[in-house]
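The values are calculated or read from the model by the stated rules, or taken from the named source; none is laboratory data. Owing to the predicted nature of the structure, the values given are computational and were not obtained by experimental measurement. Neighbour counts are summed over all protein chains in view; Cβ atoms, including those assigned to glycine, are modelled from backbone coordinates with ideal geometry. To get the accessible areas, we keep the full protein, side chains included, count just its heavy atoms, and leave off ligands, DNA and RNA. Shrake-Rupley method; radii C 1.70, N 1.55, O 1.52, S 1.80 Å.
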Amino acid sequence: MSSTRANYWAEVAVDATLALLLFFEGWRHLAGGLMAGMLAILLGLFAFSFVEYFFHRWMFHTRIPLFAQGHQMHHEKPLGYDSLPFFLPGAVLFILTGLLVLVLPLGFAFLLMGAVTLGYIAYGLSHFTIHHVRFKHPLMRRWAGSHHVHHYHPDSNFGVTTPLWDVLLGTRYVRQTRKL
């Protein structure tokens, strides 16, 4: 784990570059037309939403030291710049793209992984923003509040970018009514 601003923003830059490259090459090599391209992008975003939930719930909140220690650091200091070494997520995404290219058409695989990479960037920036910005708009306050609840009730609200999987898998926090 790294906790420097330089590493955090370098990771965003590397991942954004990778996403742009994947989208460009995906559209260049796409054989199925606009609908196939849009399907690849939607599938990639949907897949990432589950990956986000999966890692947050079953990897970061476990006793696996590699994951749990870094995430515990975030729960203790939520305003920090905790992130993986800037090159690691990009390398993993690049390797996954290589594997998908073996089983999917080239353009489709590139677009799908471009969307997964975009989802990862959205997750990182959303999470950063939730902890560093005080929102005035009610919908934005509610969205950020959902994640802040997770810091007080760590067995709920694992989704940062979307509550979809929390709703579907029953981990969405529901306030208990007070007994008088």
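So in the stretch 131-168, with the set limited to residues that are at pLDDT below 90 and either within 26 Å of residue 90 (Cα to Cα) or in contact with a strand residue (DSSP E or B) (Cβ under 9 Å, 6 or more places away or on another chain) (or both), which one is most open to solvent (accessible area, probe 1.4 Å)? Only one residue fits best here, namely 132. Within the set of pairs 6+ apart or on separate chains, which have a first residue in the stretch 34-49 that is farther than 16 Å from residue 160 by Cβ, a second that is open to solvent by 90 Å² or more (accessible area, probe 1.4 Å) and assigned to a helix (DSSP H, G or I), and C-beta atoms under 7 Å apart? Within 7 Å, the pairs are 37/27. Of all residues in the stretch 1-30, those that are closer than 19 Å to residue 101 by Cα, touching a Gly at 6+ places or on another chain (Cβ under 6 Å) and open to solvent by 90 Å² or more (accessible area, probe 1.4 Å) total 0. Checking each residue in the stretch 58-73 for being out of contact with any Gly (no Cβ under 9 Å at 6 or more places or on another chain), surrounded by 14 or more Cβ atoms within 10 Å (Cβ to Cβ) and either touching a residue at least 40 places away in the same chain (Cβ under 8 Å) or among the basic types (Lys, Arg) (or both) picks out 61, 70. A search for C-beta distances below 6 Å between a residue of the stretch 6-27 that is farther than 15 Å from residue 40 by Cβ and any residue that is assigned to a helix (DSSP H, G or I) and open to solvent by 40 Å² or more (accessible area, probe 1.4 Å), counting only pairs 6+ apart in sequence or on different chains, returns nothing. Looking only at residues of the stretch 107-130 that are within 21 Å of residue 79 (Cβ to Cβ) and of a type in the set (S, T, N, Q), we find that the one that is most open to solvent (accessible area, probe 1.4 Å) is 129.
In the stretch 84-101, the condition of being touching a helix residue (DSSP H, G or I) at 6+ places or on another chain (Cβ under 8 Å), in contact (Cβ under 8 Å) with a residue 24 or more places away in the chain, in a helix (DSSP H, G or I) and over 21 Å from residue 7 (Cα atoms) is met by at least one residue.
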